[in-house]
1. Out of (1) out of contact with any Asp or Glu (no Cβ under 9 Å at 6 or more places or on another chain); (2) under 30 Å from THR274 (Cα atoms); (3) surrounded by 18 or more Cβ atoms within 10 Å (Cβ to Cβ), the odd one out for ARG75 is which?
2. I need a count of the residues in the range 165-211 that are of a type in the set (Gly, Ala, Ser) and either closer than 26 Å to GLU120 by Cα or under 31 Å from the mean Cα position of the chain (by Cα) (or both).
3. Hey, could you check the range 55-70 for residues that are buried (at least 19 other Cβ atoms within 10 Å of the Cβ) and assigned to a helix (DSSP H, G or I) and say which is modelled with the lowest pLDDT?
4. Which ones in the range 294-329 are exposed (fewer than 14 other Cβ atoms within 10 Å of the Cβ), out of contact with any Leu (no Cβ under 8 Å at 6 or more places or on another chain), within 23 Å of ASP250 (Cβ to Cβ) and hydrophobic (A, V, I, L, M, F, W, C)?
5. Could you pull out every one of the helices (runs of 4 or more DSSP H) wholly within the range 104-198 that has 1 or more residues that are under 23 Å from TYR19 (Cα atoms)?
6. Output the residue which, of all residues in the range 287-303 that are of a type in the set (Gly, Ala, Ser) and modelled with pLDDT of 85 or more, is farthest from the chain's Cα centre (by Cα).
7. Filter the range 1-33 for residues that are of a type in the set (Lys, Arg) and part of a helix (DSSP H, G or I); which is modelled with the highest pLDDT?
Amino acid sequence: MPWRVSPADRAAGVRPDPYRVWLSEVMLQQTTVAAVKDYFHRFTARWPTVADLAAAHDDAVMGEWAGLGYYARARNLLKCARAVVADHGGVFPTTREGLLGLPGIGPYTASAVAAIAYDEAAVVVDGNVERVMARYFAVEQPLPLAKPALTALAARLTPHHRPGDYAQAVMDLGATICTPRNPACGICPWMAECAARAQGIAAELPRKLPKGDKPVRHGTVWIVRQGDGFVLERRAERGLLGGMRGFPGDGWDGAGGEAPVAAKWHEAGEVRHTFTHFHLYLRLMVADVPVGAPLLRGVWVPRAEFRPGDLPTVMRKAWDMASAAFVPR
């Protein structure tokens, strides 16, 4: 993984870069390594240091983040980078407690950076570690109720010698061997001590409380071409897709609103997208208006500055469907 420093390199004196450790951990929240690698390469090529990221324009960072989801992470990424530069001279705090004082850094990320970058014996518990602990100790209590117990058990195993390597090793164990389905117990280095394996219930753990069906929300998204450009608006900082630019919409997030311009609107289909807690069905409306038509909301963005790839995923889906409805110019 591009943010890792191998045990051999660490033994030779190479130290992990706290910036790269922090960036990778923020990106990996609610996402997979496979999905993150390309984003990580692009971010570190464009902004190789925390000072570079702190000086970046918000739109540039949000554009690079587009597609990773959970956009509050990108906003907090900028806030944290700027706090590190403004309040800590461009150097990340070296302890878990110090890291917790930065914007957007919670207990997990603080522990991960402290352990991996600074070798503090901090207890690092992500979903992979929870699964390993639940099986190793045969914890029958379902998640999320079992989280405090699993964290306490993980603390019992966290060593003071090479805690960073240990933290990464346990996360890797869960990601590659102690997997959610069909765990490879026969090659697990902890198989002899694993209580769930001894009881024959490893594949059944961790238990989880049943989830209810996701609700469905309905709304409208308007895509209007004005001359050679399109009308976009920036969403409020708080809430879904906060701070992102997208097409004007209504009815699905409580924000409300009207069509961005008086026009002869045509329905071009239905866009479907799933967020963490609900399914979204959007009626797609498209229109062409002349340059100078008064806008009721949003701003006109010239075609040369309109980059669909910078839009959040649901808006890119809307664009992919709507673009076929516009006659080429």
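The values are calculated or read from the model by the stated rules, or taken from the named source; none is laboratory data. From a predicted model like this one, the values you see are computed outputs, not experimental measurements. FYI the Cβ positions are ideal-geometry reconstructions off the backbone, even for glycines, and counts take in every protein chain you see.
1. All conditions are met except number (1).
2. 7
3. Ranking the qualifying residues of the range 55-70, first place goes to MET62.
4. Listed by number, the residues that qualify are LEU296, ALA324.
5. Correct list: 107-118, 127-136, 163-176.
6. By that ranking, first place goes to ALA293.
7. Here the answer is ARG20.
Let's see how each residue does on (1) surrounded by 17 or more Cβ atoms within 10 Å (Cβ to Cβ); (2) of a type in the set (Asp, Glu); (3) outside the structural domain of LEU284 (by TED's automatic domain parsing); (4) touching a residue at least 24 places away in the same chain (Cβ under 8 Å):
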| residue | (1), (2), (3), (4) |
| --- | --- |
| ARG181 | no, no, yes, no |
| ALA184 | no, no, yes, no |
| ILE187 | no, no, yes, no |
| ALA192 | no, no, yes, no |
| ALA196 | yes, no, yes, yes |
| THR220 | yes, no, no, yes |
| ILE223 | yes, no, no, yes |
| ASP228 | no, yes, no, yes |
| LEU232 | yes, no, no, yes |
